[in-house]
Ligand SMILES: Cc1cc2nc3c(=O)[nH]c(=O)nc-3n(C[C@H](O)[C@H](O)[C@H](O)COP(=O)(O)OP(=O)(O)OC[C@H]3O[C@@H](n4cnc5c(N)ncnc54)[C@H](O)[C@@H]3O)c2cc1C
């Protein structure tokens, strides 16, 4: 098989990129390890910045997003005593949209056949070859047959555990990492949300987040030590803990119900450089991870894809090799700022095991400052809606 761009991974980054390239008439093939059903079964992000909404709009795949997505004009930080509302729309003139990553993926997946985007699900043993040349290729097994896919570029959209990043030689690689000493225990339930806007709470028992996927589906989190086992957390125990950590006002509005998904996700900040090496570009979680505080992961994948599509379109349609050369620097500038925001919000809203009274006093002082300063709220709001691309 031969194509112009071979894309590894059919998560949101890979599918978005595939659609953007096809819209420009560029040939590409997406190769995915899992089945389509498995990909859709993963419950992940749910807050979309305008970059992500705009890309779906540009592709004409935003009908369901516009019909079902919830436009959010603000969110709240809770410090155990009060809700500090960040008036995102009032401070920035922009909003975010609550629409699950699963739904974005479903919309992209459903439109792939009619847009001429081939997606090979269930491909095993994907390996990258000759990425330092102008003729890289993938090998893999698909439907029992050994396959080879030749391309001019490979784009690694294969998440944190995929093979693409590992294909870049260690001699040029730089890794930056912070692993957090807790994970987020999430519960998804078909119950109305306790509040129409997200609440991030820093309670003395730990962090909690009240969020939603729709008017009838809620997503809540509490942070737990990494040693905790999901089997030890019955639904009732999670609802009890949420009611305490989110504070009495939110607790009064919590509707309890059976979980339809429950899991513990570890938290990590991670950046890999360079995001391009030879004929290989990396996008999304393949190159970086943010803790979910601030909801940046999916949106960063979308902004990488925006820059990658620009670079590849420049290369194929305007013969502009510089477009490829400048991809990594453009993407990384935005990645680092999102890393900074996610890390700052994580530090502000969680109790770290090594923190003493001083660190706690700093959190209290900072939350108090945010509560009383329009400048501080504006800074948070403009990062939350997403920095410009
Ligand atoms: C449990 C969890 C909860 C999260 N919650 C949030 C949240 O609340 N808010 C937020 O903003 N972000 C959240 N994120 C992050 C967000 O989901 C990711 O940033 C986003 O999925 C990145 O998209 P991606 O396409 O780069 O990677 P992925 O979605 O990971 O997609 C990568 C794809 O590559 C495929 N792949 C992997 N290996 C191979 C291989 N060898 N061959 C072929 N294909 C391969 C995978 O199967 C997958 O389909 C969460 C992540 C996790 C894991």
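What strands (runs of 3 or more DSSP E), lying completely within the stretch 91-186, carry at least 2 residues that are away from the ligand (no atom under 15 Å from the Cβ)?
Here the list reads 145-150.
So residue 285 clears everything in (1) under 29 Å from residue 231 (Cβ atoms); (2) at pLDDT below 95; (3) outside the structural domain of residue 192 (by TED's automatic domain parsing) except one condition, right? Which one?
Exception for residue 285: condition (2).
Can you pull out the residues in the stretch 23-41 that are assigned to a helix (DSSP H, G or I) and either within 9 Å of the ligand (Cβ to nearest atom) or in contact with a helix residue (DSSP H, G or I) (Cβ under 7 Å, 6 or more places away or on another chain) (or both)?
36, 38, 39, 40
Being touching a residue at least 60 places away in the same chain (Cβ under 8 Å) and more than 10 Å from the ligand (Cβ to nearest atom) is the filter; apply it to the stretch 42-57 and report the residue that is surrounded by the most Cβ atoms within 10 Å (Cβ to Cβ).
Among those that are touching a residue at least 60 places away in the same chain (Cβ under 8 Å) and more than 10 Å from the ligand (Cβ to nearest atom), it is 55.
Name the one entry in 270, 307 that is assigned to a strand (DSSP E or B) and at pLDDT 95 or above.
On inspection, the qualifying residue turns out to be 270.
Checking the structure you have, find out if any residue of the stretch 367-375 is under 20 Å from the mean Cα position of the chain (by Cα) and modelled with pLDDT of 95 or more.
No, the conditions are met nowhere in the stretch 367-375.
Looking only at the stretch 58-72, how many residues end up being surrounded by 14 or more Cβ atoms within 10 Å (Cβ to Cβ) and either part of a strand (DSSP E or B) or in contact with a strand residue (DSSP E or B) (Cβ under 9 Å, 6 or more places away or on another chain) (or both)?
4
Take the conditions within 26 Å of the chain's Cα centre (by Cα) and farther than 18 Å from residue 223 by Cβ and apply them to residue 318. Does it pass?
Criteria not met by residue 318.
Mind checking whether some residue in the stretch 254-267 is within 12 Å of the ligand (Cβ to nearest atom) and closer than 24 Å to residue 54 by Cα?
No - not one qualifying residue is present in the stretch 254-267.
Without any contact (Cβ under 8 Å) to a residue 40 or more places away in the chain, buried (at least 23 other Cβ atoms within 10 Å of the Cβ) and either more than 11 Å from the ligand (Cβ to nearest atom) or over 26 Å from residue 224 (Cα atoms) (or both): which single residue out of 329, 311 fits that description?
Among 329, 311, only 311 is without any contact (Cβ under 8 Å) to a residue 40 or more places away in the chain, buried (at least 23 other Cβ atoms within 10 Å of the Cβ) and either more than 11 Å from the ligand (Cβ to nearest atom) or over 26 Å from residue 224 (Cα atoms) (or both).
In the stretch 236-262, what residues are touching a strand residue (DSSP E or B) at 6+ places or on another chain (Cβ under 6 Å) and not in a helix (DSSP H, G or I)?
If the condition is that a residue be touching a strand residue (DSSP E or B) at 6+ places or on another chain (Cβ under 6 Å) and not in a helix (DSSP H, G or I), then 246, 247, 257, 259, 260, 261, 262 are the ones that fit.
Which residues, counting only those in the stretch 1-22, are in a loop (DSSP other than H, G, I, E, B) and more than 13 Å from the ligand (Cβ to nearest atom)?
Passing the criteria: 1, 3, 4.
The values are calculated or read from the model by the stated rules, or taken from the named source; none is laboratory data. Because the structure is a prediction, the values reported are computed rather than measured. So basically every Cβ, Gly included, is an ideal-geometry build from the backbone, and we count neighbours across all protein chains shown.
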